[in-house]
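Below: one structure, written as structure tokens.
Every read-out reported here was derived from the displayed coordinates using simple, explicitly stated rules and does not represent laboratory data. Being a predicted model, the structure only gives us computed values, none of them experimental. Reconstructed Cβ throughout: ideal geometry from the backbone, glycine too, with neighbour counts over all protein chains shown.
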Amino acid sequence: MSSNIITILGIDPGSRITGYGIIRSNGQKHTYVTSGTVNTKGDNITTRLAQIFSSIQTLTQTYRPDEAAIEQVFMAKDANAALKLGQARGAAIVAMANEGLTVAEYAARAVKQAVVGYGAADKAQVQQMVKLLLNLTKTPTTDAADALAVAICHAHSRQMNALLQAQPSTTRMRETFL
């Protein structure tokens, strides 16, 4: 397992409010860098998508994350809301991809499971666990906490993938000497 520090950008997409969170991760230790929200203005979806794109692009240029992760669409009130959420995700994904980032996607339940240990956790539980895991002095807003949780989930996923990739070679080595 690598001891390299990696900077991860997490995104909680929304057409009105998009949360973002950036952490640095070194194995199981995660350090808070920044978080907040992109609050779009106006009723025109095209204008709001441009605001999301521009804001995420500015974040990636400012903080230069090594990797990015975004929450998948999991439900919406109606088809129109789902479409707008998908468009907001797309604007954020393209902004990150334009900066050369590969973007991992995680279901909301997987994010909650990784951070709280319970896939049906509520927003307040996610906020409190993010605060604890990152040793924050104040509780982040729900959208920022969700984005930080996405980044933490990605860090855990990376760590698990590294362990799994190392496993077959260890098993083969044991079989060779037995």
*What is the total of Lys pairs in the chain with C-alpha atoms under 22 Å apart, excluding same-chain pairs fewer than 8 positions apart?*
13
_Quick check: the distance between the Cα centres of region 9-73 and region 134-155, to the nearest angstrom?_
12
*So what is the diffusion coefficient of the chain in µm² per second by Stokes-Einstein at 37 °C and 0.692 mPa s, using a Kirkwood Rh over Cα pairs?*
196
*At most 14 other Cβ atoms within 10 Å plus a DSSP loop assignment makes a site exposed; report the longest stretch of the chain without any exposed chymotrypsin sites (Phe, Trp or Tyr not before Pro).*
1-73
_Per-residue ³J(HN,Hα) for region 7-16, Karplus 6.51 cos²θ - 1.76 cosθ + 1.60, θ = phi - 60°, Hz, x for Gly and Pro_ = 9, 10, 9, x, 10, 10, x, x, 6, 9
*Rank ILE22, ILE152, ILE45 by mean-square fluctuation in a GNM of the chain with C-alpha springs under 10 angstrom and give only the top-ranked residue.*
ILE45
*If you line up the long axis of helix 123-133 against the longest principal axis of the chain, both from Cα atoms, how many degrees apart are they, to the nearest 10?*
50
*Highest-MSF residue in the chain out of VAL115, VAL150, VAL103 [GNM, Cα springs under 10 Å]*: VAL103
*Taking amide H positions as placed in the peptide plane 1.01 Å from N, state which residues far from ILE70 in sequence (5 or more) or on other chains have amide H under 5 Å from it.*
ILE11, ALA104, GLU105, TYR106
*Note, ³J(HN,Hα) from phi for region 43-50, Karplus 6.51, -1.76, 1.60, rounded to Hz, x at Gly and Pro*: 9, 7, 4, 4, 5, 5, 5, 5
